[in-house]
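Chemist: Here you go, one structure.
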Amino acid sequence: MSVTERVVAAGYEPLDSVWYGEEDADLLERLLAFYPRHEPKLILDATVNGGRFWRRSMRPIIGLDIDPHHRPMVCADNTAMPFASCSFDVVVYDPPHIPNQGRDRSKDFNTRFGLGSRASKEHGYTFSHTYPAFMQEAWRVLADEGILLCKIVDYIHNHRYQWAHVDLIKAGEAVGFIACDCIVKVRKGPIIDPKWKVAHHSRRQHCYWIIFRKSHRCE
Ligand SMILES: C[S@@+](CC[C@H](N)C(=O)[O-])C[C@H]1O[C@@H](n2cnc3c(N)ncnc32)[C@H](O)[C@@H]1O
């Protein structure tokens with residue numbers, strides 16, 4: 001048997017870098033089966049919202065959100081979390097995105113995707129300034145060799161491409177994480193702002209899941 005055949009026989013299932021499946025919950029389950037070096041004992045979702053990531057999941061999760069309307073298990077700010085250091089094996093982060101645009105009153109976008117949060121002019125209408133403080137806390141609450149899984153969407157705003165995933169990676173690396181991998185998740189349809197009839201950027205039809213490790217090695 002070749003090395004590859006032995007690894008496959010031992011239960012290894014490869015993971016493709018592009019995900020066409022519909023639900024983040026399914027992708028997240030694949031990520032949790034693929035990246036951790038041991039079975040996670042406790043997982044923190046630091047932006048849990050309605051908990052859509054954990055539908056059908058039997059994983060041990062603590063859900064945190066700053067907005068009490070979502071009735072999270074822990075209502076707190078993820079830049080100052082009420083947890084002891086090294087408490088979690090995995091932290092999941094899906095920050096608000098697409099600020100001040102894409103409002104569609106016929107859908108519940110604002111509550112579901114955090115679109116209700118408005119990005120201010122002083123921060124260039126982006127949420128990137130929130131990443132460093134979160135990364136610092138994620139580093140603190142993660143155990144050594146822990147994993148941080150981030151869903152992040154680049155977007156067009158203020159007539160500019162906003163490189164959210166680049167800002168996120170820089171913020172993670174600044175506190176010591178290594179960005180080890182990246183999955184592109186393809187959307188069925190792009191998010192379209194009905195305000196702009198003619199757009200001069202390509203339509204965003206994907207987001208990223210970035211895999212960080214609190215470790216010195218990726219493998
Ligand atoms: C994009 S939504 C998360 C959606 C969630 N992953 C889901 O699929 O159901 C972002 C969430 O982050 C929360 N949030 C924003 N800033 C936060 C902060 N500083 N601390 C904790 N939660 C925050 C918002 O209230 C919102 O529920």
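Chemist: Out of (1) modelled with pLDDT under 95; (2) in contact with a strand residue (DSSP E or B) (Cβ under 7 Å, 6 or more places away or on another chain); (3) surrounded by 16 or more Cβ atoms within 10 Å (Cβ to Cβ), the odd one out for Phe127 is which?
Modeler: Against the list (1) modelled with pLDDT under 95; (2) in contact with a strand residue (DSSP E or B) (Cβ under 7 Å, 6 or more places away or on another chain); (3) surrounded by 16 or more Cβ atoms within 10 Å (Cβ to Cβ), Phe127 comes up short only on (2).
Chemist: Restricted to region 36-55, and to residues that are outside any loop (DSSP other than H, G, I, E, B) and surrounded by fewer than 22 Cβ atoms within 10 Å (Cβ to Cβ), which residue is nearest to the ligand (Cβ to nearest atom)?
Modeler: Residues of region 36-55 that are outside any loop (DSSP other than H, G, I, E, B), as a first pass: 43-45, 52-54.
Adding the requirement that they be surrounded by fewer than 22 Cβ atoms within 10 Å (Cβ to Cβ) leaves 52, 54.
Working: Arg52: 4, Trp54: 9 Å.
Ranking the candidates gives Arg52 first.
Chemist: Please pick out the residue among Ile98, Ile152 that is at pLDDT 95 or above, crowded, with 20+ Cβ neighbours inside 10 Å, over 22 Å from His216 (Cα atoms) and out of contact with any Ser or Thr (no Cβ under 9 Å at 6 or more places or on another chain).
Modeler: Details: Ile98 fails: at pLDDT 95 or above.
Sole residue among the options that is at pLDDT 95 or above, crowded, with 20+ Cβ neighbours inside 10 Å, over 22 Å from His216 (Cα atoms) and out of contact with any Ser or Thr (no Cβ under 9 Å at 6 or more places or on another chain): Ile152.
Chemist: Further, regarding this structure: Filter the strands (runs of 3 or more DSSP E) completely within region 149-188 down to those with at least 3 residues that are within 19 Å of Gln205 (Cα to Cα) and in contact with a helix residue (DSSP H, G or I) (Cβ under 9 Å, 6 or more places away or on another chain). Working first, answer last.
Modeler: Working: elements: 155-157, 160-162, 178-186.
The qualifying strands (runs of 3 or more DSSP E) are 178-186.
Chemist: Return the pair list, or none, for Cβ contacts closer than 6 Å from residues in region 157-180 that are touching a residue at least 24 places away in the same chain (Cβ under 8 Å) to residues that are charged (D, E, K, R) and not in a helix (DSSP H, G or I), at least 6 apart or on different chains.
Modeler: Partner pairs satisfying both residue conditions: Ala164/Asp154; His165/Asp154; Ile178/Arg213; Cys180/Arg213.
Chemist: Output the residue which, of all residues in region 164-209 that are among the aromatic types (Phe, Trp, Tyr) and surrounded by fewer than 19 Cβ atoms within 10 Å (Cβ to Cβ), is modelled with the highest pLDDT.
Modeler: Here is the first cut: in region 164-209, the ones among the aromatic types (Phe, Trp, Tyr) are 177, 196, 208-209.
Narrowing further to those that are surrounded by fewer than 19 Cβ atoms within 10 Å (Cβ to Cβ): 196, 208.
Details: Trp196: 65, Tyr208: 97.
Across region 164-209, the extreme among qualifying residues is Tyr208.
Chemist: Here's a follow-up. Could you identify the single residue in Glu29, Glu13, Glu22 that is open to solvent by 70 Å² or more (accessible area, probe 1.4 Å), out of contact with any strand residue (DSSP E or B) (no Cβ under 8 Å at 6 or more places or on another chain), away from the ligand (no atom under 11 Å from the Cβ) and at pLDDT 95 or above? Before you say what the answer is, go through the steps one by one.
Modeler: Values: Glu13 fails: at pLDDT 95 or above; Glu22 fails: at pLDDT 95 or above.
Every option except Glu29 fails the conditions.
The values are calculated or read from the model by the stated rules, or taken from the named source; none is laboratory data. In this text the structure is predicted, and so the values were computed from the model without any measurement. Reconstructed Cβ throughout: ideal geometry from the backbone, glycine too, with neighbour counts over all protein chains shown. Remember, those area values only see protein heavy atoms, side chains included, never the ligands or the DNA or RNA. Shrake-Rupley method; radii C 1.70, N 1.55, O 1.52, S 1.80 Å.
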